[in-house]
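The values are calculated or read from the model by the stated rules, or taken from the named source; none is laboratory data. This one's a predicted model, so the numbers in the text were calculated from it and none came from an experiment. Cβ placement follows ideal geometry from the backbone for every residue including glycine, while neighbour counts extend to all protein chains displayed. When the accessible area is computed, the model is the full protein with side chains, heavy atoms only, and any ligands, DNA or RNA have been set aside. Shrake-Rupley method; radii C 1.70, N 1.55, O 1.52, S 1.80 Å.
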Amino acid sequence: MAERIKAQQEILDISAAERQRIGRDLHDSIAQQMAALCLMSGMLWRKLVQKEIVAANDALEIHQLSKRAIDETRNLARGFYPIELERQGFFPAVEELIVNMERMFKLKCEWEFDETVQIDDFEVATHLYRIIQEAAYNSIRHGKAKNLIVRISKIGGDIHLLIKDDGVGIANAKQPMSNEMGLRIMRHRAKIIGAELEIEPAAKGTVLMCRFPQKETWAAEEKTL
Amino acid sequence: MMKIVVVDDSTVIRETLIQLLKLEPDFEICGQAWDIPSALQLLTQVQPNIVLVDISLDGKESGIQLIQAIKVRYPGLHTLAISLHDSGVYGDRVLKAGGNGYLMKQEAADKLVTAIRQVLNGGMYRSESALPK
């Protein structure tokens, strides 16, 4: 039994390592090559415009497509592995995620982060990042939201995450929650970091609230178990 | 002639930026580098008017460290950060480090020359997507 659990964990570790490798390759290699394509196509467009060649319009279209391809490649990279979390830290990574979604999905976002909140534990940061990512995508995909608020604050000894959208709203919060995969995974991630997660309808749209203890408190609780 | 140094760890990006800059008759590329040591070494040998610095040198944020080092060693030398990242935080961090502007690579084909001229004229340049809330 112990052998099987160990083998299962090894498979999960290998899978995680593979996702990390793919995410890094997409971010560090493919996205950079896309950037070069974007630059070169832009330059071609300018040269053709200068020479008043009609094909300039085709070059412009390639240039515009390459810009979108960069955004989508970086978005895909984040899906595999949020490399910005590792290189920039939690708040810059979340801000970049939100800004990118604003641009890709024409979403208007407001975000407010309490600078005294520290999320140094990489596992906690990763799960929280993924919760924000999933919630934001749900707001866009399912909720058809146009506006999103993301707020991270500290109240007492706890860190509070609030995500509110103006979409169509989640139906019947009082009844058993939808079994959609994304919601299940969010709940699972919240559980891993010892957080409470609630998703409720708002006057317009949906509100997600996630609350978990600060790292020191969390570590102290672990020691007492 | 306006003398420009380009610092980016991607050879393809560096060479494409250089080709773009060569379209301007009053721009001269006086050198290129790929990391902090090669950039600082180059700056002891050439006297550019502006240095283009990729934020994500070596995959990390060492571009900001380079901007800080240039600010200390060559206070009058302009720097323009370039990056794929569009976070408002990077724009602020570049300015705090002493940089004169922030340009997204996705906009470089359209805005690079404008950004450089604006900085060389004593102004600042910032890509719209990098503006803070």
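The figures follow:
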{"item": "With all protein chains modelled, accessible area of A:S139 [1.4 Å, Å²]", "result": "10"}
{"item": "Unit charges on C-beta of K, R, D, E only; dipole of the protein assembly as shown, Debye", "result": "580"}
{"item": "Share of carbon and sulfur in the accessible heavy-atom surface of the stretch A:65-181 [1.4 Å probe, %]", "result": "53"}
{"item": "Ellipticity estimate at 222 nm from DSSP helix runs (n ≥ 4, -39,500 (n - 2.57)) divided over the protein assembly as shown, nearest 500", "result": "-17000 deg cm²/dmol"}
{"item": "Separation of the B:V46 and A:R21 label points, Cα + 7 Å toward Cβ, nm", "result": "3.8"}
{"item": "Unit charges on C-beta of K, R, D, E only; dipole of chain B, Debye", "result": "400"}
{"item": "Per-residue ³J(HN,Hα) for the stretch B:11-22, Karplus 6.51 cos²θ - 1.76 cosθ + 1.60, θ = phi - 60°, Hz, x for Gly and Pro", "result": "4, 4, 5, 4, 5, 6, 4, 5, 4, 5, 5, 5"}
{"item": "Cα shape, the protein assembly as shown, gyration tensor, a/c 1.5 rule", "result": "prolate"}
{"item": "Rh (Kirkwood; distinct C-alpha pairs) - chain B, Å", "result": "14.2"}
{"item": "Charge dipole (chain A, unit charges on Cβ, about Cα centre) - positive-most of A:M186, A:N57, A:M34", "result": "A:N57"}
{"item": "Kirkwood Rh, Cα atoms: Rg over Rh of the stretch A:19-81", "result": "1.16"}
{"item": "Count of lysine pairs in the stretch A:48-169 with Cα separation under 13 Å (8 or more residues apart, or interchain)", "result": "7"}
